[in-house]
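These notes are about the structure you will find just below.
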Amino acid sequence: MAEAITSEVRLDAHSIEPIPERDKDSTGPQQMWIWAGANIAPINWVLGALGIVLGLGLVETILIVLIGNIVGCAIFAAMTVMGHKTGVNQMVLSRSAFGRRGGYLSAWLQFLMTMAWIGINTYFPVVLAVAILGHFGVKDTFTVKFIVVTAIMIIQSTGTWRPSSPGRRISPASPG
């Protein structure tokens, strides 16, 4: 039987302070599923088809996608190692290189990247869903798009709202 929650639930008990080793209990495979889930998105379907649309063959498209992912993941991996070793996220870590005020630039860039990520991963499902609804006779109106956007945002949010197990502390292995 689940324990009763008697105190306030805190999502980030350490704020911007380094996370002690005793609180880092997430394993590599658990992190892999978090990041694999984040990258299974409709935008990747578009990227997969883009090479074919540009006139490349299947083999060339697959190679470009693989090489792009390897390069992108290598950069990401370098940042995650720094975060794991220091116990802080990239926004806090950038302060050591650029100072407190210089860290504002990193924070804004990460905010903009997050907004772009959410926007792109919402835009394509909306376009696809509205096109599918059009085949069923539903007209492409602002109201329909608003309802579809709302539904997609709810689905995206509820998929990430609850951690895999209560109290699990995921190490700051991400650059953001």
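Each value in this text was obtained by applying a stated rule to the coordinates, not by laboratory testing. All figures in this text were calculated on a predicted structure; none of them were measured in a lab. When we count neighbours, we look across all protein chains shown, and the Cβ atoms used for this are built from the backbone with ideal geometry, even at glycine.
Pull out a ≥ b ≥ c, the square roots of the eigenvalues of the alpha-carbon gyration tensor of region 45-123, then state rounded if a/c is under 1.5, prolate if not and a/b is larger than b/c, and oblate in the remaining case. It comes out prolate by the Cα gyration axes. Once the Cβ-Cβ distance of Asp140 and Ala107 is raised to the sixth power relative to R0 = 45 Å, the FRET efficiency obtained is 0.75.
Kindly provide the chymotrypsin sites (Phe, Trp or Tyr not before Pro) of region 51-154 that DSSP labels as loop, not H, G, I, E or B, and whose Cβ sees at most 16 other Cβ atoms within 10 Å. Here the chymotrypsin sites (Phe, Trp or Tyr not before Pro) that fit, given the DSSP loop and packing criteria, are Phe136. Between the alpha-carbon centres of region 47-92 and region 98-115 there is a gap of 21 Å.
Within a straight-line Cα-Cα reach of under 27 Å, Lys24 can be paired with the following lysines, leaving aside sequence neighbours fewer than 8 residues apart in one chain: Lys85.
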